[in-house]
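Since the structure comes first, as structure tokens, the remarks are kept for the end.
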Amino acid sequence: MPEKNKFYTVEITGITSEGSGVCRIDDMAVFVPETAVGDIVEIKVVKILNHYAFGILNKIIVPSSDREIRECGVYKKCGGCVFRHINYEAECHAKNDIVKNAFLRIGGLSPSFDDFLSSESPDRYRNKAQYPLASMNGKAVCGFYAPRSHRVVPVTDCPLQPQIFSKILEFILEYVNNRKISVYDEKTGTGILRHIYLRKGYHSNEIMICIVVRKNISRQLSSLCKEITKKFSDIRSIVLNINPDKTNIILGSECITLWGNNCIYDKMCGNDIEISPLSFYQINTPQAEILYRKALEYASPDGSEIIADLYCGAGTIGLSMSEYAKKIIGIEIVPEAVQNAHRNAVKNNISNAEFYCGDAGEIFSQLNSEGCNPDIIIVDPPRKGCSEDTLKTIVSASPEKIVMISCNPATAARDAKILSENGYSVDKVCGADLFPATRHVECVVLMSRNH
């Protein structure tokens with residue numbers, strides 16, 4: 001077994017889903033952040049558990065051909081990007097392996113795997129960012145939390161965000177500091193400003209500023225609205241979100257529009273989409289369009305089917321398939337998102353889409369009693385995957401096809417395994433990178449009913 005605090009020269013032979021390199025010492029796996037497959041490195045073992053250990057990089061002896069400097073001044077501190085030390089081709093290879101391993105090893109399944117969908121741009125791709133605030137040396141700063149903490153690493157220009165976000169942040173911070181508006185303190189529950197939350201339409205360039213506060217400070221921000229909209233002409237909406245609770249959840253339930261519209265608009269798969277502060281919208285628009293086209297390819301509707309879209313959000317997936325279906329039924333638990341979906345359907349003259357707010361099982365039961373059964377189910381669950389009730393609902397609905405879009409291959413494989421034990425074959429899987437440089441990877445799964 002390796003010894004704690006001892007130095008070892010090792011070769012990195014693999015990479016984990018968290019972005020750490022993997023080597024072996026005396027047949028024990030050791031995980032080492034900031035290393036690449038092919039590196040010969042000197043490491044220090046810092047923690048030993050029963051079946052694996054952790055090390056830190058001390059010195060690169062022979063660098064891997066995968067190594068590449070992808071500039072960012074704070075990535076080692078903020079922890080958002082775990083693949084910033086390797087080239088993008090190597091990152092996509094690693095992520096494709098993560099998807100395959102999830103289904104082959106976790107799920108014990110044997111689907112065919114389509115070519116991995118890499119992102120057109122590995123930088124400046126995000127259309128949304130949420131920046132926590134902190135007080136440092138008597139001034140308000142914003143940035144991102146350091147790994148496994150709520151300590152803010154100050155940064156305004158993140159390489160993953162549009163450059164205009166950094167200019168807007170600097171403008172807001174200057175305003176806040178000039179007027180001495182207090183920053184929220186998680187420990188004491190005092191102070192006012194919690195987060196600055198920005199959204200930008202990829203195709204429209206429309207910008208929303210959402211300022212998250214502990215209590216209503218509309219009067220203190222009235223001058224900001226006038227000044228910042230003169231400076232940045234693409235701003236269409238400035239919203240105050242009030243979150244009075246002592247919680248890690250970023251957004252509260254109350255939104256007050258301070259200036260302009262209460263939403264912004266963008267295009268997704270050719271449809272005009274309304275985006276409100278509380279609605280889910282994929283953060284990498286061009287790559288989401290590619291992902292949705294793959295989902296459409298897997299669903300391959302012929303125009304006669306009813307398609308149910310679970311966890312439908314603002315309706316973007318279902319609406320992108322509406323012209324190929326007899327009817328779209330969207331189901332979502334968040335009321336604001338369902339309102340967005342309704343308005344999106346009307347705005348795009350889509351008359352064959354219906355959206356319901358509530359539990360999928362209850363709504364399917366109601367629809368079934370009315371003689372309406374889906375032929376295809378599209379499901380796009382959160383990272384934790386589908387609930388047990390949702391999986392039971394899908395099985396009881398007995399669609400011919402299930403297309404799952406997931407931001408967590410491990411839970412997707414788990415859920416696909418359950419569905420495979422309840423009458424479905426897992427036919428195809430395709431990995432897709434919507435979050436370059438980060439540890440996150442999406443996948444699309446096609447399942448069909450056994451006959």
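The values are calculated or read from the model by the stated rules, or taken from the named source; none is laboratory data. A quick note: this is a predicted structure, and the numbers were derived from the prediction, not measured. Cβ atoms come from the backbone with ideal geometry, glycine included; neighbour counts cover every protein chain shown. Side chains included, ligands, DNA and RNA excluded: accessible areas come from the protein's heavy atoms. Shrake-Rupley method; radii C 1.70, N 1.55, O 1.52, S 1.80 Å.
Could you pull out the trypsin sites (Lys or Arg not before Pro) across the range 211-300 that fall in loop regions by DSSP (anything but H, G, I, E, B) with no more than 15 other Cβ atoms inside 10 Å?
215, 246
Normalising by the residue count of the range 179-319, find the relative contact order in percent from Cα pairs under 8 Å and 6+ residues apart.
Once normalised by length, the contact order is 18 percent.
Per residue, how large is the accessible surface of the range 289-407? Use a 1.4 angstrom probe and give square angstrom.
Each residue of the range 289-407 exposes 41 Å² on average to a 1.4 Å probe.
Within the chain, what whole-number % of the accessible surface is contributed by carbon and sulfur, with the 1.4 Å probe and all protein chains included in the calculation?
The C+S portion of the solvent-accessible surface of the chain is 47 percent.
What is the extension gain from residue 354 to residue 297, computed as 0.36 nm multiplied by their sequence separation minus the C-alpha to C-alpha distance, in nm to one decimal?
Difference between extended and current length: 18.3 nm.
In the chain, what percentage of the DSSP-assigned beta bridges are antiparallel, given to the nearest 5?
65 percent
Which whole-number value in Å² is the accessible area per residue of the range 182-287, probe 1.4 Å?
44 Å²
What is the mean projected area of the alpha carbon convex hull for the range 1-136, to one decimal in square nanometres?
11.4 nm²
Jot down the radius of gyration and Dmax of the range 204-275, Cα atoms only, both in angstrom.
13.6, 41
Give the distance, in whole Å, between the Cα centre of the range 324-340 and the Cα centre of the range 350-415.
Answer, in whole Å: 12.
Residues with beta-carbon under 15 Å from that of residue 45, excluding residue 45: net charge, scoring Lys, Arg +1 and Asp, Glu -1?
Combined, the nearby Lys, Arg, Asp and Glu give +2.
Taking 8 Å as the Cα distance limit and 6 or more residues as the minimum spacing, I'd like the relative contact order of the chain as a percentage.
The normalised contact order for the chain reaches 13 percent.
Provide the solvent-accessible area of residue 357, counting protein heavy atoms only and rolling a 1.4 Å probe, rounded to the nearest 10 Å².
Residue 357 exposes around 70 Å² with every protein chain in place.
For the chain, what value does the Rg/Rh ratio take when both radii are computed over Cα atoms and Rh is the Kirkwood radius, given to two decimals?
Ratio value, two decimals: 0.99.
With a ≥ b ≥ c the root eigenvalues of the C-alpha gyration tensor of the range 327-451, is it rounded (a/c under 1.5), prolate (a/b larger than b/c) or oblate?
oblate
Rounded to the nearest whole Å², what accessible area per residue is found for the range 64-172 with the 1.4 Å probe?
Per residue, the range 64-172 has 49 Å² of solvent-accessible surface.
Residue-wise, which Karplus ³J(HN,Hα) couplings in Hz belong to the range 175-185, taking 6.51 cos²θ - 1.76 cosθ + 1.60, θ = phi - 60°, and x for glycine or proline?
4, 4, 6, 5, 9, 6, 6, 6, 9, 5, 10
Going by average Cβ density within 10 Å per residue, which order do the peptides 46-54, 442-450, 121-129, 380-388 take, highest to lowest?
The most tightly packed comes first, giving 442-450, 121-129, 380-388, 46-54.
Using 0.36 nm per residue, how much length does the chain from residue 396 to residue 115 gain when fully extended, once their Cα-Cα distance is taken away?
Separation in residues times 0.36 nm, less the Cα-Cα distance, equals 98.0 nm.
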